[in-house]
Amino acid sequence: MCALEAVPEGGVRAATLAGVPLALFRLDGAVYATQGMCTHGHARLDEGWCEGGQIECPLHQGRFDMRSGRALCAPVTEDLRTYAVRVEDGTVLVDLD
Ligand code: FES
C-alpha cells in the first residue's frame, strides 16, 4: 500500500486503505499501523508530533504509544485501533481484519 522508504524512521505517514484512514509508524526499523484519526476528537495523527515511540495529537496533545496504540495521557482515554503489518519487497502491507 505504500513504500517502506516513505515512512520516516521515528515518524509517521498517513495512508488510506479501502477508505480507512491509517497512520503508519516506523520505529527501530519496524512498521506499525493504527487508525489515522485520534480517539478523542477529529484530528489526524499524521499531523502530530512523534518522539520516543509516542505520537502526540496535534489538537489537544493527547499521546499514544506508536507500537501498541495505547492511550498514554489525558485527554485521551481510548486506545487506537491497531492493524497487522508486514513488509514485502520494500512495500508496507496492512491487514484491516
Ligand atoms: Fe486528539 Fe483531542 S483530538 S487529543
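The values are calculated or read from the model by the stated rules, or taken from the named source; none is laboratory data. It should be emphasised that the depicted structure is a prediction, and the values quoted were computed from it without experimental measurement. Glycine gets a Cβ as well: all are built from the backbone with ideal geometry, and neighbour counts include every protein chain shown.
Couple of notes before you dig in:
Here is a yes/no grid of residues against (1) surrounded by 13 or more Cβ atoms within 10 Å (Cβ to Cβ); (2) more than 15 Å from the chain's Cα centre (by Cα); (3) charged (D, E, K, R); (4) modelled with pLDDT of 95 or more:
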| position | (1), (2), (3), (4) |
| --- | --- |
| GLU56 | yes, no, yes, yes |
| GLY62 | yes, no, no, yes |
| SER68 | yes, no, no, yes |
| ALA71 | yes, no, no, yes |
| THR77 | no, yes, no, yes |
| THR82 | yes, no, no, yes |
| VAL87 | yes, yes, no, yes |
| ASP95 | no, no, yes, yes |
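- Hits in the range 7-16 - residues which are surrounded by fewer than 18 Cβ atoms within 10 Å (Cβ to Cβ) and either in contact (Cβ under 8 Å) with a residue 40 or more places away in the chain or within 12 Å of the ligand (Cβ to nearest atom) (or both): GLY10
- Where strands (runs of 3 or more DSSP E) fall entirely within the range 1-88, those with at least 1 residues that are touching a Leu at 6+ places or on another chain (Cβ under 7 Å) are at 12-17, 20-27, 30-35, 54-56, 63-65, 82-88.
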